[in-house]
Amino acid sequence: MKAALITAANPWQVVDVHASVDSTNLEALRDPRPWRVVMADFQSTGRGRLARQWEAPAGTSIAVSAVVPVPAVSAAHLGWLPLLSGMAMRAALSEVAGVASGLKWPNDVLVREGAQGHLDEAAPWLKISGVLCEMVPGGEVVVIGAGANIAQERSELPVETATSLALCGAPDVRREDVIAVYLRELADLHRIWSRGEAGLEALRTQYRSWCLTIGLEVDVHQPDGQVARGIATGVDDTGRLMVTDGARSTAHAAGDVVHVRRSLPSAGHRA
């Protein structure tokens with residue numbers, strides 16, 4: 001695995017593989033060297049957004065954290081890094097497993113069970129991957145932690161709205177292959193993002209085309225505990241989710257989104 005990642009074409013410099021850790025993000029934060037990767041077969045206190053715990057049986061999922069440098073970009077550019085990390089995982093799952101997928105703002109990857117290689121319009125969208133980004137004090141690097149469900153059976157999943165590649169008709173996918181493609185995609189997107197300008201605008205367009213949240217009635221659970229309901233009308237140029245409630249439109253930079261129902265036409269938004 002290390003040999004596949006540390007190559008002339010990849011920026012990754014250190015790859016630490018553990019049988020078990022408390023959290024790959026916490027382990028990466030203990031020594032946040034740029035381009036360091038931490039992965040583990042099992043996390044005892046894995047972490048998700050809004051301080052949620054994320055846990056899976058050993059050997060059934062991906063738990064990987066990557067430390068990436070933050071170049072001198074504008075605040076508008078910085079807000080897109082968490083969204084791009086979700087794009088990287090979506091691309092990896094699509095390439096390795098052939099599952100049809102989309103993104104729930106900001107960076108959850110959603111799939112449909114039994115949808116390998118095609119899109120089943122009747123099946124519900126279920127979460128297969130999530131990302132947690134944490135800025136290191138000083139703002140010079142960011143730890144990007146990603147988890148993806150690979151081999152779990154139904155009884156091993158924490159909630160009914162989650163799924164795994166095994167349940168999507170892709171039972172023989174190797175975790176190492178998904179991680180390798182994910183980190184390659186993450187490095188490529190980071191490179192484009194760092195340059196800004198036209199490249200970043202192309203990434204924004206691509207993200208919006210994959211974002212299933214746009215056009216839905218949503219509940220946005222904010223970090224302060226409040227819940228805002230409205231229609232998700234788009235993602236602005238800083239990466240914030242735009243939600244309209246009547247005549248008022250608000251921009252959300254952080255929060256956990258619950259899809260309530262489709263409200264607007266979804267033309268132009270593909271999975």
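Bear in mind that the values in this text are calculations on the coordinates, not laboratory data. Since the model is a prediction, treat every value here as computed from it, not as a measurement. Heads up, the Cβs are rebuilt from the backbone with ideal geometry, glycines too, and the neighbour counts pull from every protein chain shown.
Before moving on, here are some points about what is shown:
- Evaluated over segment 84-237, the Cα radius of gyration and Dmax, each in Å: 16.0, 47
- Taking Cα centre as origin and charging only the Cβ of basic (Lys, Arg, +1) and acidic (Asp, Glu, -1) residues, the dipole magnitude of the chain rounds to 400 debye.
- Length added when fully stretched, T250-D16, from 0.36 nm per residue minus Cα-Cα: 80.1 nm
- Net lengthening on full extension, S155/Q222 (0.36 nm per residue, minus Cα-Cα): 21.1 nm
- For the pair A9 and A72 in one chain, pulling the backbone fully straight at 0.36 nm per residue adds 20.4 nm over the alpha carbon distance.
- Fewest neighbouring Cβ atoms within 10 Å first, the residues H190, H221 line up as H221, H190.
- Under DSSP loop assignment and at most 16 Cβ neighbours within 10 Å, longest trypsin sites (Lys or Arg not before Pro)-free interval of the chain: 53-173
- 3J(HN,Hα) along segment 247-260: 8, 9, 10, 10, 10, 10, 8, 8, x, 9, 9, 10, 6, 8 Hz, from the Karplus curve 6.51 cos²θ - 1.76 cosθ + 1.60 with θ = phi - 60°, whole Hz, x for Gly and Pro.
- Taking every alpha-carbon pair under 8 Å whose residues sit at least 6 apart, segment 213-262 reaches a relative contact order of 41 percent.
- Computed from the Cα positions only, the extents of segment 213-262 along the three principal axes stand at 25, 24, 19 Å, in decreasing order.
- Converting phi to 3J(HN,Hα) with the Karplus coefficients 6.51, -1.76 and 1.60 and the offset θ = phi - 60°, segment 71-80 yields x, 6, 10, 6, 4, 5, 6, 4, x, 8 Hz in sequence order, with x at every glycine or proline.
- Taking other C-beta atoms within 10 Å as the exposure proxy, C133, C168 rank C133, C168 from fewest upward.
- Value of relative contact order over the chain, rounded to a whole percent, pairs C-alpha under 8 Å and six or more apart: 17 percent
- Scattering from the chain was approximated by placing one identical point on each alpha carbon and applying the Debye formula without solvent; log10 I(q)/I(0) at 0.08, 0.17 1/Å stands at -0.30, -1.49.
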